[in-house]
Amino acid sequence: MSIPEGLQYQKNYEINSFLVDPSGKLRIKGLFDLLQEIAWRHADSQDFGRNLAASNQMWVLSRMEVKVIEMPSWGQEVRLATGGRGVDRIFAFREFLMQDIFGKVLVRGMSSWLLLDTESKRMLKPESVLPQELFDTSMKPEWQPEKLLVKGRLKATETVMVRASDLDLYNHVNNASYVRWVEDLIEGETADISSLTLNYISECHKGDQVKLELYESETCFFVLGKVGDRNCFSARV
């Protein structure tokens, strides 16, 4: 089966019971889990994924934006496609597309990634490891997840502690754990999340006390996560 919209890798998934909310719809956190999984599968299939650890390199998700048209339901089969969308300075862009088995678009997403040296934390040029045929360095996508400016009226605060279950392979908070914190904080404020943009600003580690601040503006909600005076992430819902 051909891969849609010039993307390069796709896989079918069933929406399992552990991914859904009480209404039986895919959770936004479960969506981010699936996007992360297919990104790694694609990268591993083309040798710019986990193999980079041997040369002390790693990918770090910098920004992500998803637009939800319709969340799939428990037991539904979906097609998830992804592919490189070029490089702009230090950012490598990856797009996502989720469809039902009939081709109806359910979710769109765009992400930007940084390539880091795991020891020095120095940023490296993405094109040094990316296949040119997948990430055309002359192409810069029109849709780029934006840098967020948190604004509005402070509505609520909450503090969460980073636990072992929040950690990824690098002992940092997994990107989907931030989504869970946002999802929990805005419960009751909005019926459905139709779009979510995240900026991952700095690392959080086990034991960190993360203060979450919820702001309400005229058109959306913002969440800011801080450890002490250091901003860790921001989100717009």
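Laboratory data are not the source of any read-out in this text; all were calculated from the coordinates shown. From a predicted model like this one, the values you see are computed outputs, not experimental measurements. Quick reminder, even Gly has a Cβ in these numbers, built from the backbone with ideal geometry, and neighbours come from all protein chains shown.
Over its Cα atoms, what ratio of radius of gyration to 2.2 N^0.38 Å does the chain give?
Dividing the Cα radius of gyration by 2.2 N^0.38 Å gives 1.00.
I want to verify the translational diffusion coefficient of the stretch 153-236 in µm²/s; compute it with Stokes-Einstein, Rh as the Kirkwood radius over Cα pairs, at 37 °C and 0.692 mPa s.
252
Rank the residues Tyr200, Tyr170 as a footprinting-exposure proxy: fewest other Cβ atoms within 10 Å of their Cβ go first.
Ranked by crowding around the Cβ, least crowded first: Tyr170, Tyr200.
How high is the relative contact order of the stretch 1-131, given as a whole-number percent (alpha carbon pairs under 8 Å, six or more residues apart)?
27
Using square roots of five times the C-alpha gyration tensor eigenvalues, list the equivalent-ellipsoid semi-axes of the stretch 4-128 in whole Å, biggest first.
With the √(5λ) rule applied to the stretch 4-128, the semi-axes are 28, 15, 13 Å.
Amide H of Arg63: which non-local residues (sequence gap of 5 or more, or other chain) have their own amide H closer than 5 Å, using H built in the peptide plane?
Long-range HN contacts for Arg63: Ser112, Tyr200.
What is the Cα centroid distance between the stretch 66-128 and the stretch 2-20, reported in whole angstrom?
Computed from Cα coordinates, the inter-centre distance equals 12 Å.
Which of Asn56, Ser120, Gly103 sits closest to the plus end of the dipole of the stretch 4-128, meaning its Cα is farthest towards the positive end, when Lys and Arg get +1 and Asp and Glu get -1 on the C-beta?
Checking the options against the dipole of the stretch 4-128, the answer is Ser120.
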